[in-house]
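Single-structure report; data block below.
The values are calculated or read from the model by the stated rules, or taken from the named source; none is laboratory data. What you see is a predicted model; the values in this text were computed from it and never measured. Quick reminder, even Gly has a Cβ in these numbers, built from the backbone with ideal geometry, and neighbours come from all protein chains shown.
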Amino acid sequence: MARNRLAWGLLAALVIIVAVAAVIAIIGRGDRATQPLTAYTAPALAKMPAAASVPGVPGEWHIPAGDYASTRYSDLSQITTQNVGQLKPAFTFDTGFLKGHEAAPLIVGSTMYLITPYPNVVYALDLTKPGAAVKWRFDPKPDPKSQGVACCDVVSRGMSYDNGRLFMVTLDGQVIALDANSGAQVWRTPIADISKGETVTMAPLVAAGKVLVGDAGGEFGVRGSLTALDEGSGKIVWRAYSTGPDKDVLIGPNFHPYYAQDRGKDLGVTSWPGEAWKQGGGTVWGWISYDPELRTIYYGTSNPGPWNPEQRPGDNKWTAGVFARDIDTGQAKWFYQSNPHDLYDHDDINELILLDMPVDGKMRKVIVHPGRTGYMYVLDRLTGQVLSADPYSYITAYTGVDLKTGRLQHNPAKEPVSGRVVRGICPAPPGGKDWNPSAFSPRTGLVYVPHLNLCNDNALSQPNYIPGTAYLGVEAKMYAGPGGNRGVLTAWDPVRRKAAFEIKEDLPLWSGALATAGDVVFYGTLDGWFKAIDARSGKLLWKFKTESGIVGQPVTYRGPDGRQYVAIFSGVGGWVGGLVSNGFDHRDPTGGLGIFNAVQDLPKKSPRGGRLYAFALPR
Amino acid sequence: MPSPCRASLLIVALLAGGCDQMRNDPRGHPLPETPPLVSTVLSPVRADPRAADYQNNAFQVSNGQLYYHWMNCTGCHSEGGGGIGPSLMDVNWRYGSTMEDVVQSISNGRPNGMPAFGGKMTAAQIWQTAAYVRSLSQHVPQSIRSGRSEGLSVGEPSTLRDPHPYRAVTPKQDEATVK
Amino acid sequence: MRRLAPLVALLALGGCHGQQAVLGGGGRDDALFGGLWQIFLIVTIVFYLVVLAGLTWAVLRRREGGEAVVRTTFYIWVGVVSLTLVGLSIASWLVDRTMNRAAHTGLTVEITAHQWWWDVRYISPGHPDQTLRTSNELHLPVGVPVQVILNSADVIHSFWIPNISGKQDLIPGRNNDIVITPTRVGIYRSQCAEYCGLQHAHMAFDVTIEPLATFQQWWGDGLLPARAPATPEQKAGYAYVTTRECATCHNISGTPATGKVAPDLTHFASRATIGAGTFPMNRGHLYAWLADPQRAKPGNKMPEIGLEPDQLHAVAAYLESLK
């Protein structure tokens, strides 16, 4: 009898414990806010600074970001939530290449300009001709050896147009100015050294008479830099390195970082052991925004090299942070290191959207910046102060950002240690979101962020520095985060500091987003669906299956016939798509810096491709 | 001969057959006097007698695994799956899969981005690395392949991998595949 | 008996002197351990003599009466032995606790053991640019407790400076640490104390204990880049070392040789030995090492380079200049 009672008692206790544990597990499941798909009707209080629109004709698209504030928003409203369901392809164009097509098409007047991945051929399409006939073609003939030192597929993220000239960069780092009418080369300036593993994949920004180009190669121990060339002659006007003594980093008397962690002399040397800053990374392969009123450019620097953090004790300035510089001289105004002593390849090169919006009731000039760390930063663009940093994706690697000191707080349980495999680090190295840019709509006040939900395991090893080879020291294996979906489109309200709605996607989202005045937001998925959603509710209004996964940036323009067109490249590749675009082997979970394990199904879901699609409403 | 003697002779003979696979010769072949490969043209390279020595010996393959990590091969080729450089685990070989071809690839580099390690590694190291590279795609018997990595790894040891040859299935291949 | 005593004393003294001597009295832990050892030695000698005396007395003065005669003596003896054992245990426990409760003053050295060499990193907290990396040698200031963090890159090794402290294993996947306090200036030899492969016997390093000022001077000098080559032969050696196989694995600060998987050579010629204690540092052995490292230390990870004679002279000349 006593034994029976004991047994029942134990069973009851077990049931209670399991129930309590389940409740705790459900409540404490992570930092992400999710809301159902109902219409969102917040007043739109955030807006783009007036001066930041690119000079030019409305209805065209001159730089990949759309405007200097990087909103990727178009005033065109012919396509609306009511009629977007009727969108059809108007014409297509095959580039002839099958690697990742990450570029944004440019439209000036009635010509569309495209740049392909390596070998970086530039096409000019005459939009007045039926089927958009090729007007001219320019083959820059980059060095084929550059393909071996491009970490994440041989992509190009676009060009910029100004004043009759196109500005492009090849993979091996040659900045070329082309006459937009004829395609003739005006000048060519090399800025990268591929023998050290330095390439260029970013879209150069042209503003205030300068062409701004940053290098790539944080995975190769390249010393990062941003170079400004004169728009007319191509001569290098200034170059700001991301590591090294203050005079190389162009830090002078005008430099006023907000936080104490970023203040000191020659921090680009003293926050590294020995001469590690020479292979320190901090490359500038992402996006640059420009505020013409303040004559200031804003950009982020990449991860430090090598990935293995034990090789480089110290804060590793000036990597993984945001710089504000004077566009004419390159002198730094402020710097905020969002990720000192980076442990996970969480760069800071993502887009910096310049907005004027209320913070705690006061209108302020801010930067809204989705970080790789998984936090949505709102920075004061005059001082570099962090006004808020809220998680927009699932995070286990960090516990928060201390707003008083600005310092990122690490979770000690997830810090990589040599000789051990650390599991469950979220977000994975591509971060909460990688380079693919978000869009902002002043009509809804929301930032549309196409991003990732990936976690990873991590093991350290001793890296060796051999110039021209990868300098990593980390083996990673990525997989889907909680929920099983690897991609998410989040509509984030920067004023309320939370998500308005989220759309889960099976595959990681690697395409950019586009917002239009018709209250339609466009983005593409890795299995080739080009989607249009309602900007206020997130409801899917239209989708079209393109030939290959989409990793490009959608743009919209008014064609010569007066119709609004939406153009997007379809051609899977980039870091996430290399498995398909380069024919790699998914059986190695550490392949592609760990990403193959997360997208093993991609070869079945997307073939290779390289085609531009332009959609419009039927006449 | 009494039967235990015969049995033990048989056992010894069998063991001796496997001894070569496990022989530990740290000085390696070749000695410096033997000429290195010099051909740079993409044409079949003459067969080299050293190839058999390296790819049939577990010690050489294991040393090759060490250098595969030291020379940052993992940075571009991962543990054989590729990432920046092509996959080394599948049946597609752009520049040839024989030992001599792989040695030439490592030593002289290749036009589309493979760096040249010729003056940066000794000839013996290059042969050992080539033997390891070939072991990633089952060109080397399982008894010789390395059963573990030098340190911790997030992946599986190569001896546990699927032994069937693998070809990446993507339509619209645009590169010639040389076997 | 009398003749045995000096013999016992001689045996006791055998481990007491020299570069690599337990009880050599070079460190705080060693002194503590030495004291404990002496206590044990004296106690056990005393008990041994008492037991011998008792046996002798029992043999010589055999008496009838059996157990009852010696019962009290027996109980007293058991009591004395038990108390002594407890006392020895307490002494041992106290010494162990004292050794482990050492203070930590801010000098941290990280040692990563490889097959078959030691990678040593001096850390200055808060000053990452003062991090000094060297190989196969350890300099420490006298009288200052040092926290040595131990890690292994491949298999289990063991860190042991006999004159200064006890052993502590370096286990892959685990950061062990030990606090040592050298108490006497001098040069000692340390030896890997856990079998780790073919060349376990040739995995030693030299430990130099020096006054604090000298130590700081050494650290500062260590942070300087390598000396530039002066003579034409050294320049030829520099050209070879920084562009050929050497640079792929070895690091020489201030030059293009930036390999990180082999011992750091920036101040190579200042070390007392080559190859982690395999040979003393002199020209003959350096030539032997460079010409055929596999003959010098078979199985070690440095391959035979195949240097031509003039290259050998040049490289040796350059390496000898790296003081």
- Starting from the stretch C:212-235, keep only residues that are crowded, with 16+ Cβ neighbours inside 10 Å, then list their pairs with residues that are hydrophobic (A, V, I, L, M, F, W, C) and part of a helix (DSSP H, G or I) whose Cβ atoms are within a distance under 7 Å, requiring at least 6 positions of separation or different chains. C:Glu233/C:Ala314; C:Glu233/C:Ala317; C:Gln234/C:Ala317
- Look at A:Val551 and say whether it is buried (at least 24 other Cβ atoms within 10 Å of the Cβ), among the hydrophobic types (A, V, I, L, M, F, W, C) and within 14 Å of chain B (Cβ to nearest Cβ). no
- With A:Ala124, A:Ala103 as the choices, which residue is in contact with a Leu (Cβ under 9 Å, 6 or more places away or on another chain), of a type outside the set (Lys, Arg) and either surrounded by fewer than 21 Cβ atoms within 10 Å (Cβ to Cβ) or not in a strand (DSSP E or B) (or both)? A:Ala103
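I need the strands (runs of 3 or more DSSP E) fully contained in the stretch A:402-474, keeping only those with at least 2 residues that are more than 12 Å from chain B (Cβ to nearest Cβ) and more than 22 Å from the chain's Cα centre (by Cα).
In the stretch A:402-474, A:408-410 are the strands (runs of 3 or more DSSP E) which contain 2 or more residues that are more than 12 Å from chain B (Cβ to nearest Cβ) and more than 22 Å from the chain's Cα centre (by Cα).
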- Message: It is to be established whether one or more residues within the stretch C:275-292 are within 24 Å of C:His114 (Cβ to Cβ) and within 10 Å of chain B (Cβ to nearest Cβ).
- Response: yes
- Would you confirm whether any residue within the stretch B:71-88 is away from chain A (no Cβ under 14 Å) and at pLDDT 90 or above? no
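Residues checked against (1) within 24 Å of A:Leu229 (Cβ to Cβ); (2) in a strand (DSSP E or B); (3) among the charged types (D, E, K, R):
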| residue | (1), (2), (3) |
| --- | --- |
| A:Tyr299 | yes, yes, no |
| A:Ser302 | yes, no, no |
| A:Pro306 | no, no, no |
| A:Pro313 | no, no, no |
| A:Phe323 | yes, yes, no |
- Query: Restricting attention to the stretch A:251-283, which residues are crowded, with 21+ Cβ neighbours inside 10 Å, over 17 Å from A:Gly221 (Cα atoms) and of a type in the set (A, V, I, L, M, F, W, C)?
  - Reply: A:Ile251, A:Leu267
- Task: Being in a loop (DSSP other than H, G, I, E, B), in contact with a Gly (Cβ under 8 Å, 6 or more places away or on another chain) and among the hydroxyl-bearing types (Ser, Thr, Tyr) is the filter here, so list the residues in the stretch A:220-271 that pass it.
- Result: A:Ser242, A:Thr243, A:Tyr258, A:Tyr259, A:Ser271
- Message: Can you tell me which of (1) within 14 Å of chain A (Cβ to nearest Cβ); (2) surrounded by 12 or more Cβ atoms within 10 Å (Cβ to Cβ); (3) small (Gly, Ala, Ser) is the one C:Gly126 doesn't meet?
- Response: (2)
- Note on the structure: Subset of the stretch A:413-443, residues polar (S, T, N, Q) and surrounded by fewer than 24 Cβ atoms within 10 Å (Cβ to Cβ), comes to A:Ser418
- State the number of residues belonging to the stretch C:295-319 that are closer than 12 Å to C:Lys235 by Cα and either at the interface with another protein chain (Cβ under 8 Å from one of its Cβ atoms) or within 27 Å of the chain's Cα centre (by Cα) (or both). 1
- Hey, any hits in the stretch A:315-334 for a residue that's buried (at least 22 other Cβ atoms within 10 Å of the Cβ), polar (S, T, N, Q) and within 14 Å of chain C (Cβ to nearest Cβ)? yes
- Which condition number does A:Ala616 fail, the rest of (1) over 23 Å from the mean Cα position of the chain (by Cα); (2) modelled with pLDDT under 90 being met? (2)
- Checked against (1) more than 19 Å from the chain's Cα centre (by Cα); (2) within 14 Å of chain C (Cβ to nearest Cβ); (3) not β-branched (Val, Ile, Thr), A:Pro304 satisfies every condition except (1)
- Item | Lone qualifier among A:Gly330, A:Gly286, A:Gly280 - being within 17 Å of the chain's Cα centre (by Cα) and touching a residue at least 12 places away in the same chain (Cβ under 8 Å) | A:Gly286
- Query: For C:Ser253, which of the numbered conditions (1) within 8 Å of chain B (Cβ to nearest Cβ); (2) touching a residue at least 24 places away in the same chain (Cβ under 8 Å); (3) among the hydroxyl-bearing types (Ser, Thr, Tyr) fails to hold?
  - Reply: (1)
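Considering C:Val109, C:Val81, which residue is buried (at least 18 other Cβ atoms within 10 Å of the Cβ) and either modelled with pLDDT under 95 or within 30 Å of C:Met203 (Cβ to Cβ) (or both)?
It is C:Val109.
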- Would the stretch A:298-310 turn up any residue that is crowded, with 24+ Cβ neighbours inside 10 Å, touching a residue at least 40 places away in the same chain (Cβ under 8 Å) and of a type in the set (Val, Ile, Thr)? yes
- Message: If the requirement is being surrounded by 22 or more Cβ atoms within 10 Å (Cβ to Cβ) and either without any contact (Cβ under 8 Å) to a residue 40 or more places away in the chain or in contact with a helix residue (DSSP H, G or I) (Cβ under 8 Å, 6 or more places away or on another chain) (or both), which of these qualifies: C:Ile274, C:Ile209?
- Response: C:Ile274
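A quick yes/no check of all residues on (1) buried (at least 24 other Cβ atoms within 10 Å of the Cβ); (2) farther than 26 Å from A:Gly268 by Cα; (3) in contact with a helix residue (DSSP H, G or I) (Cβ under 9 Å, 6 or more places away or on another chain):
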residue	(1), (2), (3)
A:His341	no, no, yes
A:Asp348	yes, no, no
A:Lys362	no, yes, no
A:Lys365	no, yes, no
A:Pro370	yes, no, no
A:Leu379	yes, no, no
- Can you name every residue in the stretch C:32-50 that is hydrophobic (A, V, I, L, M, F, W, C) and either touching a strand residue (DSSP E or B) at 6+ places or on another chain (Cβ under 9 Å) or surrounded by 12 or more Cβ atoms within 10 Å (Cβ to Cβ) (or both)? C:Leu32, C:Phe33, C:Leu36, C:Trp37, C:Ile39, C:Phe40, C:Leu41, C:Val43, C:Ile45, C:Phe47, C:Val50
- Item | strands (runs of 3 or more DSSP E) enclosed by the stretch A:539-614 - at least 2 residues per element that are small (Gly, Ala, Ser) | A:564-570
- Item | Cross-chain or 6+ apart pairs with Cβ under 6 Å, the stretch B:100-117 first and in contact (Cβ under 8 Å) with a residue 40 or more places away in the chain and over 16 Å from B:Thr74 (Cα atoms), then charged (D, E, K, R) and part of a loop (DSSP other than H, G, I, E, B) | B:Glu100/B:Asp48
- Where residues in the stretch A:563-611 are over 17 Å from A:Asp506 (Cβ atoms), of a type in the set (A, V, I, L, M, F, W, C) and touching a residue at least 40 places away in the same chain (Cβ under 8 Å), which of them is nearest to the other protein chains (Cβ to nearest Cβ)? A:Leu593
- Task: Read through the list (1) in contact with a strand residue (DSSP E or B) (Cβ under 9 Å, 6 or more places away or on another chain); (2) within 21 Å of A:Thr71 (Cβ to Cβ), then give the number of the only condition that A:Arg496 fails.
- Result: (1)
